[in-house]
Amino acid sequence: MRPFLKSSVLRLAVLLALTIWSCKPQQPIARILAEFHNPNSSYVMVAAHRAAHNGYPENSLPAIRHAIGLGVDIIELDVKVTTDSVVVINHDRTIDRTTNGTGDPEAYAWKELQQFRLEMPDGTLTNERIATFEEALLLVKGKAMIDIDIKTSHLKPIVDVITQTDTWDHIFFFDNDYLALQEVRDRQPDAMLMPRAYSYQMADSALLLFKPPVVHIDHSFYTEEVCQLIQNQGARIWLNALGTQDSIMRSGSLQKALDNLLKYQANIIQTDEPELLIPALEAIGRRTSGKQ
C-alpha cells in the first residue's frame, strides 16, 4: 500500500475509534453528578431513604441493589462504627428493631455483629447480615451518590473508607449538628455537606458557613422565599416525602403529592417510595435534564 494511503487509512481508523469511544454511554454517576451540581436544572433527583427497602431489609445490600436497579440518583445510608473501627450501616441507636440482636452496634466488634441477621419490618428474619460501609460504597460506586446520615461521633474511620474506595465525589454528609459537619470539613476540606435548616435564617446561615451544594429544608418553612435564597446561592433544595407525602402517593393520589412536593421547586426528593415517585416524575417530564 502506498504511504499516503496507509496514512489515510490510519487517520480513518483513529477517527472511527474516537467516534465509537465518544458514543459509549457515560457511567450513571457522571450524569448524576452533572445534575447534582446544576441547581437550575428541571431534573428532580430522587433519594432512596435507607436504600430502596420495600421488600428488603432497610440499609441492606439487597436494598441498595434494588435502589440502583430503580435508577435512583442518591441512596441515603446511616453509619455507625464498631469497637474495632469498622464502619457499618445501621440507623437506630440499637440493633433491636432491625436485627435479631440487641444493644448498641458501637459496643460490638465487627465479627460479633456478624452473628446477627437483619429483619424485615414485620419481624421476618432474613439471611442478610449488617453490611459494612465499604461494601456499600463498592456496590454503589459509579452508579449513584450516597447521602451519609451521620449517626456516630467517630468520623475518622468514615473518612478513611471513603478515601480508600476513592468515592469522595459520590458522597455528601447530612446533619443538623453544624459542629459535626465542620469536623467533616476539617478532616476533608473538599467534602460535600448537606446542612439541615429549620428556618429561613438558619438556611441563610448554613449557606454562608458551608457553601453547600444542597440544603435540607422541612415542609414547615417550604416557601418560595426560602427556595429562591437557596437556588440563588447555587445549591439544590432537599425536601422529604417521608410520612405524609409518601402516604398520599400510596393512596394513589400521585399528582396531589407531586403538587405538594414541587410547589416551590424543590429538586431533590427523599422518599420511602422510589418505585412510585420515579415514574410519576417521569410522566410529567421532571426526570429530563434542562433549565426550569
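The values are calculated or read from the model by the stated rules, or taken from the named source; none is laboratory data. What you see is a predicted model, and the numbers here were worked out from it, not measured in a lab. Neighbour counts are summed over all protein chains in view; Cβ atoms, including those assigned to glycine, are modelled from backbone coordinates with ideal geometry. Ligands, DNA and RNA are excluded from the accessible area calculation, which covers all protein heavy atoms including side chains. Shrake-Rupley method; radii C 1.70, N 1.55, O 1.52, S 1.80 Å.
Taken over segment 171-212, the criterion of being open to solvent by less than 50 Å² (accessible area, probe 1.4 Å), assigned to a helix (DSSP H, G or I) and under 17 Å from Pro39 (Cα atoms) is satisfied by Ala203, Ala206, Leu207, Phe210. Counting the residues of segment 82-126 that are surrounded by 17 or more Cβ atoms within 10 Å (Cβ to Cβ) and outside any loop (DSSP other than H, G, I, E, B) gives 10.
In summary, Ser60 fulfils each of the numbered conditions (1) polar (S, T, N, Q); (2) modelled with pLDDT under 95; (3) within 24 Å of Gln270 (Cα to Cα) with the single exception of condition (2).
Among the residues of segment 258-281, the ones that are over 21 Å from the mean Cα position of the chain (by Cα) and in a helix (DSSP H, G or I) come to 2 in all.
Among the residues of segment 243-292, which ones are among the hydrophobic types (A, V, I, L, M, F, W, C) and free of Cβ contacts under 8 Å to residues at least 40 places away in the same chain? If the condition is that a residue be among the hydrophobic types (A, V, I, L, M, F, W, C) and free of Cβ contacts under 8 Å to residues at least 40 places away in the same chain, then Ile248, Met249, Leu254, Ala257, Leu258, Leu261, Leu276, Ala280, Ala283, Ile284 are the ones that fit.
For segment 135-149, a residue qualifies if it is among the aliphatic types (A, V, I, L, M) and either out of contact with any Phe, Trp or Tyr (no Cβ under 6 Å at 6 or more places or on another chain) or open to solvent by 60 Å² or more (accessible area, probe 1.4 Å) (or both), and the qualifying residues are Ala136, Leu137, Leu138, Leu139, Val140, Ala144, Met145, Ile146. Name the residue, out of Thr163, Thr152, Thr132, Thr223, that is in contact with a Lys or Arg (Cβ under 6 Å, 6 or more places away or on another chain) and either surrounded by fewer than 14 Cβ atoms within 10 Å (Cβ to Cβ) or not basic (Lys, Arg) (or both). It is Thr152. Every condition in (1) assigned to a strand (DSSP E or B); (2) closer than 30 Å to Tyr264 by Cα; (3) in contact with a Phe, Trp or Tyr (Cβ under 9 Å, 6 or more places away or on another chain) holds for Val79 except the one numbered (2). Selection of segment 238-257 for residues being outside any loop (DSSP other than H, G, I, E, B) and closer than 14 Å to Ile74 by Cβ yields Trp238, Leu239, Asn240.
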